[in-house]
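Bear in mind these aren't lab numbers, they're just calculated from the coordinates by the rules spelled out. Please read these numbers as outputs of a predicted model, since none were measured by experiment. For neighbour counting, all protein chains shown are included, and Cβ atoms are generated from backbone atoms with ideal geometry for every residue, glycine included.
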Amino acid sequence: MDQMQALFASVSNDGTTDAARVHARLSESGISSDDFRLQTTINRLAELGDRSIDLETFGALVGPELMMVKRALMRQLIIPDWVDFCCDIQTIYNNIAGDHSGANADYIPILRDADPEKWGVAICTVDGQRMAIGDVEIYHSIQSVSKPLTYAYALAREGAEYTHQFVGAEPSGRPFNALDLMPDMRPFNPCVNAGAIMTAGIVASGWPDKSARDITQEIMNLWSDLCGGLGSVHFSEETMLSERETAHNNFAIAYLLQGRKGLPRDVDLHKMLDLYLSCCSIEMTAKMLSVAAATLANGGVCPITGKEVLSTDVVKKTLSVMQAAGMYDNAGVFTLEVGLPAKSGVAGAVMVVVPNLMGFATFSPRLDPYGNSVRGVAFCRQLVDRFTFHVYDNLSGGHTGCKRDPRASQHQRKQRDLSDLSWAVSHGDRYATKVRDLMLACMIDITLADGDIEASELATMADTCAEIMGERPDPEDLRATAAARQHRSEALGTQGKTPFEELVAQLGEERSQLDDNGREIILEAAFRVACADGMIEAEEDLKLRALAEALGISTGVLELEIGRFQRQVASSRMAGS
Ligand code: GLN
């Protein structure tokens, strides 16, 4: 089959398709219908209405944007299993929605009176796949999220050498509004107020003829390019006025900077502060911030417009500063736990970059004592608990607690691992044989979880063995093995360990010799048997959790798998009804 036929086959049935179907497949890949890279295709689809599309029409239709269409339809975008990934994100979003801890910033009315219940998450990948849940269209002031981009702007206009004559790049370990400076009288970094006021000064000093408000407009244009013009960047006069009225601490910082080291090119202190406060008063939505974050993740090229907004070198420096100091005096712990460059603002936004993969933004106004959004930080933690996004997850040599990497297609990866294992078992490989034996023991113990040995469980066991060992054992032999194990377990009564407890102990001891794939295959085999009759019983659930724990697989990962299974069951029920 030639490539075009294969592409057509992926959206057609019996040699025909229609616009609705092509649209559906595109949106399943994460590509929105307003994506600039598919404008011709989308327009042509609209012209076709509900007419049927054959191979020839399809070829002409997608020709001009063939590469992009192919990447989307053939699951070649950075997150191939987009729908599954979105379901996982929804689960994490829901988990966090019930957290009402923390409090709104209350130093100005607009933040104090913001609805604290708002909760939104938006994601954009470096391939421009987008998703958004909850309150993602609400304009809010970006506050300190502006800081790294003002720094980037200073780097781009004035260069790193000049910029760093006035501001450092060290985490301060102090609250964001502290009056501390480094021994050489520079502020610690561009992400604390002192550093951000100084970066505003650097930028303002380079535009002697422009007002602070006009320079703010230039910076708003930068934000607009970063978010691919997804929405218009607003400015909140109300926020600006309140910020100015309450800026006593920021004034103190500005005077300190002027008194200690002097301001760049003797810029006017009021102009410098006005620019700083105006940048805090820029308003955007979580959706827009997610695309801006994705542009940073993509080295400065906006994924949805293809425009190079910042140079890679500027982005590299910006992300480094975000990593070191973006989460205020909690930046160290945040790096420890989440390991991603991020920036929060007191209105409740957090903007996070997963380099080379995606950017995301959360919005929820309640803050923790550091001034970071409680739900935003919780989301980052749970995300990194399930996916290999921590900057050092790739150090693990195969031991991440079996976190998921959405970059690889799970399905393709499993197929490959299974066929390798079956080949190795057939050649008597010791490692593969160990995996097989543990897998068999786990499957049998899950079969015994509810006391009966059911036919569907035996069949699943036999099928799984066939996949892994290349030969399908007789289900009746499996029944005999299981019955013998059950017998042993009953005979043991209350003395000593049950065979299941022995198995759990053995897994705990031997797991360090298994890599992630081996551990996953063992758990997956047990999981398949637990699901064999279409539901996971309480006893099976308990045993699965014990096995996962013994294998060092996080409960978060197991819960996502259970969620996927339940969705599969629900959708096959719907298809059947
Ligand atoms: N406008 C706030 C200030 O300067 C911004 C601080 C923040 O978001 N942490 O104090």
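Where the only charges are on Cβ atoms (+1 Lys, Arg; -1 Asp, Glu), what is the dipole of region 2-104 about its Cα centre, to the nearest 20 debye?
Value, rounded to 20: 200 debye.
Per residue of region 346-352, what does 6.51 cos²θ - 1.76 cosθ + 1.60 with θ = phi - 60° give for ³J(HN,Hα)? Whole Hz please, x for Gly and Pro, Karplus curve as stated.
Result, ordered by residue: 6, 7, x, 8, 10, 10, 10 Hz.
Just to verify a number: FRET efficiency for Ala9 and Asp214, C-beta to C-beta distance, R0 = 41 Å, to 0.05? If you can, show how the numbers build up before the last one.
Working: r = 56 Å, r/R0 = 1.36.
The formula returns an efficiency of 0.15 here.
Given a Förster radius of 41 Å and the C-beta distance between Ser572 and Leu336 as r, what FRET efficiency does 1/(1 + (r/R0)^6) yield to the nearest 0.05?
Plugging the Cβ-Cβ distance into 1/(1 + (r/R0)^6) gives 0.45.
Lys210: which lysines have alpha carbons under 16 Å from its alpha carbon, excluding same-chain residues fewer than 8 sequence positions away?
Straight-distance partners of Lys210: Lys271.
Pairing the Cα long axis of helix 516-530 with the longest principal axis of the chain, what angle in degrees results, from 0 to 90 and rounded to the nearest 10?
On a 0 to 90 degree scale, this one is about 60.
Taking the 0 to 90 degree range and rounding to the nearest ten, how far is the long axis of helix 555-576 tilted relative to the main principal axis of the chain, both from C-alpha atoms?
Computed tilt is about 70 degrees.
Give the order of Trp423, Trp207 when sorted by the count of other beta carbons within 10 angstrom, beginning with the fewest.
By the 10 Å Cβ count, ascending, the order reads Trp423, Trp207.
Of Asn249, Leu181, Ser205, whose Cα points farthest to the positive end of the dipole of region 156-271 (charges on the beta-carbon: +1 Lys, Arg; -1 Asp, Glu; origin at the Cα centre)?
Of the candidates, Leu181 comes out farthest on the positive side.
Out of the GluC sites (Glu not before Pro) in region 113-181, which ones are loop residues according to DSSP with at most 11 other C-beta atoms within 10 Å? Walk me through the numbers on the way to the answer.
Values: sites: Glu117, Glu137, Glu158, Glu161; in loops: Glu117, Glu137.
Those satisfying the criteria are Glu117.
What is the packing order of peptides 234-240, 566-572, taking the mean over residues of other C-beta atoms within 10 Å and listing the highest first?
234-240, 566-572
So what are the ³J(HN,Hα) numbers for region 71-79, from phi and the Karplus equation (6.51, -1.76, 1.60; θ = phi - 60°), rounded to whole Hz, Gly and Pro as x?
Computed from phi, the couplings for region 71-79 are 4, 6, 6, 9, 6, 10, 7, 4, 10 Hz.
What is the distance in Å between the Cα centroid of region 78-151 and that of region 445-510?
46
Once you place label points 7 Å from the Cα toward the Cβ at Asp34 and His270, how far apart are they in nm?
Label at Asp34, label at His270, 4.0 nm between them.
Would you kindly state how much longer the chain becomes between Asp113 and Thr57 on full extension, computed as 0.36 nm times their sequence separation minus their alpha carbon distance, in nm to one decimal?
14.6 nm
Against the longest principal axis of the chain, how steep is helix 39-48, in degrees 0 to 90 to the nearest 10, with axes from Cα atoms?
60
Could you list which residues have their amide H under 5 Å from that of Ala347, counting only those 5 or more apart in sequence or on another chain, with H placed in the peptide plane?
Excluding prolines and chain starts, which carry no amide H, the hits are Ser144.
Could you name the lysines whose alpha carbon sits less than 28 Å from that of Lys403, not counting residues in the same chain fewer than 8 places away?
Those lysines meeting the cut-off are Lys287, Lys316, Lys343, Lys414, Lys434, Lys543.
Out of residues 5 or more away from Met284 or on other chains, whose amide H comes under 5 Å of its own, with H placed 1.01 Å from N in the peptide plane?
Placed amide hydrogens put His140, Ile142 under 5 Å from Met284.
Given the -39500 (n - 2.57) contribution per DSSP H run of 4+ residues, what per-residue ellipticity at 222 nm results for the chain, rounded to the nearest 500 deg cm²/dmol?
-17500 deg cm²/dmol
With unit charges on the beta carbons (Lys and Arg positive, Asp and Glu negative) and the dipole taken about the Cα centre of the chain, which residue among Leu448, Leu48, Thr17 sits farthest to the positive side?
So the residue furthest toward the plus end is Leu48.
For the residue pair Ala483 and His100, what label-to-label distance in nm results when each label sits 7 Å from Cα along the Cα-to-beta-carbon direction?
Modelled inter-label distance: 5.7 nm.
Using 0.36 nm per residue, how much length does the chain from Glu539 to Arg260 gain when fully extended, once their Cα-Cα distance is taken away?
Using 0.36 nm per residue and subtracting the Cα-Cα distance, I get 93.6 nm.
Is region 495-546 best put as rounded, prolate or oblate by its Cα gyration tensor, with a ≥ b ≥ c the root eigenvalues, rounded for a/c under 1.5, and otherwise prolate when a/b is larger than b/c, oblate when not?
Numbers: a/c = 3.01, a/b = 1.17, b/c = 2.58.
Judged from the Cα gyration tensor, region 495-546 comes out oblate (a/c at least 1.5, b/c at or above a/b).
What dipole magnitude, in Debye to the nearest 20, does region 183-333 give about its Cα centre under +1 on Lys/Arg Cβ and -1 on Asp/Glu Cβ? Working shown, then result.
Details: 12 positive and 16 negative charges, 82 e Å.
So the magnitude is around 400 debye.
Using a simple charge model, +1 on the beta-carbon of Lys and Arg, -1 on the beta-carbon of Asp and Glu, nothing else, what dipole does the chain show about its Cα centre, in debye to the nearest 20?
1560
I want to check the label-to-label distance for Asp393 and Thr246. Put each point 7 Å from Cα in the C-beta direction and report it in nm to one decimal.
3.7
Among Gly359, Ala72, Ser572, whose Cα sits farthest toward the positive end of the charge dipole of the chain (+1 at Cβ of Lys/Arg, -1 at Cβ of Asp/Glu, about the Cα centre)?
The Cα lying farthest towards the positive end belongs to Gly359.
Going by amide H atoms built from the backbone, whose H comes under 5 Å of the H on Ile79, apart from near neighbours?
none
Give, in nm to one decimal, the length gained when the segment between Glu47 and Leu179 is fully stretched (0.36 nm per residue of separation minus the Cα-Cα distance).
Numbers: separation 132, 0.36 × 132 = 47.52 nm, distance 6.20 nm.
Gain on stretching Glu47 to Leu179: 41.3 nm.
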